[in-house]
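Structure first, commentary second.
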Amino acid sequence: MNTKLKIKKGDTVLVLAGKNKGDKGKVLQVIPATRRVIVEGINLVKRHTRATPKMPQGGIVTKEAPIHVSNVMLVCTKCGKPTRTGVKILADGKKVRVCKRCEEVIDK
C-alpha cells in the first residue's frame, strides 16, 4: 500500500465529513501508516488522564484525535479554495505540489 500522502504538516485543510464538516484548520501531524492526519481544533475528544510527574493534577484533557485523510481537502494558499493537487517538475528538477484550480505552486 502506498503511504505517500498529498497533505503535509502545516497545510490548511477543509473538513469534508463528520461532526466538524466545513471547518478549516492547520495540520499538526501526519500519520502515513494509518492514512490519518491530526488537525488543529478538529475532532476534539476528552481523555481521562491519571496524575503523572509531568501533569501532577491529572483529570480530563481535551485534545485532537486523528481524522482520515479522505475526509479532508487541501486549501490553496493563493485562491483560498479547497482544491485537488497536481505535481509539477520545475526547471531545477524539483517536484512541487500545484493547485488544480489556479495552477499556483503550493509548496514553499
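The values are calculated or read from the model by the stated rules, or taken from the named source; none is laboratory data. Values in this document were obtained by computation on a predicted structure and should not be read as measured data. Here the Cβ is made from the backbone with ideal geometry for all residues, glycine too, and neighbour counts use every protein chain on show.
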Find all pairs meeting these conditions: Cβ atoms under 9 angstrom apart; at least six residues apart or on different chains; first residue within the range 31-42 and at positive phi; second residue of a type outside the set (A, V, I, L, M, F, W, C).
Arg35/Thr3; Arg35/His68; Arg35/Ser70; Gly41/Asn20; Gly41/Asp23; Gly41/Gly25; Gly41/Lys26; Gly41/Glu64
Sole residue being among the β-branched types (Val, Ile, Thr), touching a Leu at 6+ places or on another chain (Cβ under 8 Å) and surrounded by 12 or more Cβ atoms within 10 Å (Cβ to Cβ), chosen from Val27, Val96, Val105:
Val96
Ile67 passes all but one of (1) free of Cβ contacts under 8 Å to residues at least 40 places away in the same chain; (2) under 20 Å from Lys8 (Cβ atoms); which number fails?
(1)
Give Gly25, Gly10 a once-over and let me know the one that is at positive phi and either outside any strand (DSSP E or B) or touching a residue at least 12 places away in the same chain (Cβ under 8 Å) (or both).
Gly10
Identify the residue in the range 63-78 that is in a helix (DSSP H, G or I) and touching a strand residue (DSSP E or B) at 6+ places or on another chain (Cβ under 8 Å) and, among all such residues, is farthest from Arg97 (Cα to Cα).
Asn71
Mind checking whether some residue in the range 22-36 is in contact with a His (Cβ under 8 Å, 6 or more places away or on another chain) and over 22 Å from Arg101 (Cα atoms)?
yes
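Condition check ((1) among the small types (Gly, Ala, Ser); (2) in a strand (DSSP E or B); (3) farther than 20 Å from Asn20 by Cβ; (4) modelled with pLDDT of 95 or more) across all residues:
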position	(1), (2), (3), (4)
Thr34	no, no, no, no
Ile38	no, yes, no, yes
Lys46	no, yes, no, yes
Lys54	no, no, yes, no
Val61	no, yes, no, no
Gly80	yes, no, no, no
Lys88	no, yes, yes, no
Gly93	yes, no, yes, no
Asp107	no, no, yes, no
Check Gln57 against each of (1) surrounded by 14 or more Cβ atoms within 10 Å (Cβ to Cβ); (2) assigned by TED's automatic domain parsing to the domain that holds Val27 and name the one condition it does not meet.
(1)
How about the range 1-24: which of its residues are farther than 18 Å from Thr83 by Cα and surrounded by 13 or more Cβ atoms within 10 Å (Cβ to Cβ)?
Gly18, Asn20
Consider Ala91 against the criteria (1) outside the structural domain of Lys8 (by TED's automatic domain parsing); (2) over 12 Å from Ile7 (Cα atoms); (3) within 15 Å of the chain's Cα centre (by Cα): it satisfies all of them except one. Which criterion is unmet?
(3)
